[in-house]
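Trainee: One structure coming up, written as structure tokens, with questions to follow.
All of the numbers you see were taken from the coordinates with simple rules; none came from a lab. Only a predicted model underlies this, so the values are computations on that prediction, with no experimental measurement involved. Neighbour counts are summed over all protein chains in view; Cβ atoms, including those assigned to glycine, are modelled from backbone coordinates with ideal geometry.
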Amino acid sequence: MNNKYELIYEGKAKKVFSYDESDKVLIEFKDDATAFNALKKAKFEGKGKLNCLISAKIFEFLIQKNIPTHFLELKNENTMVAQKIKVIPLEIVLRNTAYGSLCKQTTIESGTVLAKPLIDFYLKNDDLNDPLITKDRIELMNIISLEDLDFIVDLTLKINEFLKSFFKKIKLQLVDFKLEFGYDLKNNIVLGDEISPDNCRLWDLNQNSDTIVSLDKDRFRNDLGGLIEAYSEINRRINNSM
Ligand code: UDP
């Protein structure tokens, strides 16, 4: 990024810079990938650009559906302009189908379609390894009010319905995803972070066999290879559907 802008924060997959107006930031998507609390790391050339373009399209879709998000516009292929928000240190995971950590921590079998969406809360804290937490613990730690948490849960359920139909149209099963929210300068809760194959599990419905074909970060987590090909395929299907 042009050194005109000051780096405010660097995360595992994105950099955040100041922008011309003080209520806006630039978010640059990096090619780095991490998994298992950054114990596993790699770089995939072109991943940042693909996640930025995919996220921008999904944010635009959600904004049309009246979901408040931090997204404003694309600056270039791997950078977006977003509203400056105060990020709430919670990861909100919604699951439609059982997979990943849910199956490691419970007796629910991988691939089970859940009778209703399950929402899990994780505390964003690298030192503690982002632990699974409860509503009561969120209240105890004074992270946000229970009223705001209920608002976030309702918004997440709505987002799930919109995303499920968005992905179904392009022949993808939305297994689960992780969202992050924040407060804008007027103290409204808005959706932040990104929505991309880095934080959604997406299975290909465009194939005949019963085997799961992951078009998401599980290609890296589980050493399946073909990550860029999978992300490009998602980007291609989104663009073809518009
Ligand atoms: N997820 C994420 N960031 C995290 C942990 C999970 O974006 O730090 C996403 C992940 O991509 C998946 C969903 O949240 O879409 C549920 O992940 P799970 O809890 O099953 O964790 P994992 O199996 O990755 O340990």
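Trainee: Quick check for me: using +1 on Lys/Arg Cβ and -1 on Asp/Glu Cβ, what's the dipole size of region 1-113 about its Cα centre, in debye to the nearest 20?
Mentor: Details: 18 positive and 14 negative charges, 61 e Å.
Dipole about the Cα centre, nearest 20: 300 debye.
Trainee: My understanding is that a pair violates if its Cα-Cα distance is over 25 Å; which of K24/K124; K40/K168; K47/K158; K12/K57; K84/K171; K4/K86 do that in this structure? Spell out each step's value before the answer.
Mentor: Working: K24/K124 23 Å; K40/K168 31 Å; K47/K158 28 Å; K12/K57 22 Å; K84/K171 34 Å; K4/K86 23 Å.
Exceeds cut-off: K40/K168; K47/K158; K84/K171.
Trainee: Moving on. Using DSSP H assignments, which helices in the chain have an axial alpha-carbon span of 18 Å or above and a mean Kyte-Doolittle hydropathy of -0.5 or higher? Working shown, then result.
Mentor: Numbers: long enough: 47-64 (26 Å, 0.63); 146-169 (35 Å, 0.22); 227-241 (21 Å, -0.69).
Span-like helices here: 47-64, 146-169.
Trainee: Next up: If the only charges are +1 at each Lys and Arg Cβ and -1 at each Asp and Glu Cβ, what is the size of the charge dipole of the chain around the Cα centre, to the nearest 20 debye?
Mentor: Working: 35 positive and 38 negative charges, 110 e Å.
The dipole of the chain has a size of about 520 debye.
Trainee: How long is the gain from A38 to E73 if the chain were fully straight, where each residue apart is worth 0.36 nm and the alpha carbon distance is subtracted? It would help to have the intermediate numbers written out before the result.
Mentor: Details: separation 35, 0.36 × 35 = 12.60 nm, distance 2.93 nm.
In short, 9.7 nm is gained.
Trainee: When a/c reaches 1.5 or more, the comparison of a/b and b/c decides; with that in mind, is the chain rounded, prolate or oblate per its Cα gyration tensor? It would help to have the intermediate numbers written out before the result.
Mentor: On the way: a/c = 1.42, a/b = 1.11, b/c = 1.28.
Verdict is rounded for the chain.
Trainee: If I model a spin label at Q105 and N239 as a point 7 Å from the Cα along the Cα→Cβ vector, what separation in nanometres do I get?
Mentor: Label-label distance for Q105 and N239, simple model: 3.8 nm.
Trainee: Considering only P68, Q207, G100, whose Cα is most displaced toward the positive end of the charge dipole of the chain, charges sitting on Cβ of Lys, Arg (+1) and Asp, Glu (-1)?
Mentor: The one lying farthest along the dipole's positive direction is Q207.
Trainee: Let me ask another. Taking only C-alpha pairs under 8 Å that are 6+ residues apart, what is the relative contact order of the chain in percent?
Mentor: Working: 432 pairs, mean separation 43.6, N = 242.
Taking the mean separation of contacting Cα pairs over the length of the chain, I get 18 percent.
Trainee: Which ³J(HN,Hα) values in Hz, rounded to whole numbers, follow from the phi angles of region 134-145 under the Karplus curve 6.51 cos²θ - 1.76 cosθ + 1.60, where θ = phi - 60° and Gly and Pro get x?
Mentor: With the stated coefficients, region 134-145 comes to 9, 4, 4, 5, 4, 5, 4, 7, 6, 5, 8, 6 Hz.
Trainee: Please work out the C-alpha center-to-center distance from region 54-123 to region 1-27 and express it in whole Å.
Mentor: The distance from the Cα centre of region 54-123 to that of region 1-27 comes to 22 Å.
Trainee: A follow-up question, please. Output the relative contact order of region 41-185, whole-number percent, from Cα pairs under 8 angstrom with separation of 6+ residues.
Mentor: Working: 180 pairs, mean separation 39.1, N = 145.
It rounds to 27 percent for region 41-185.
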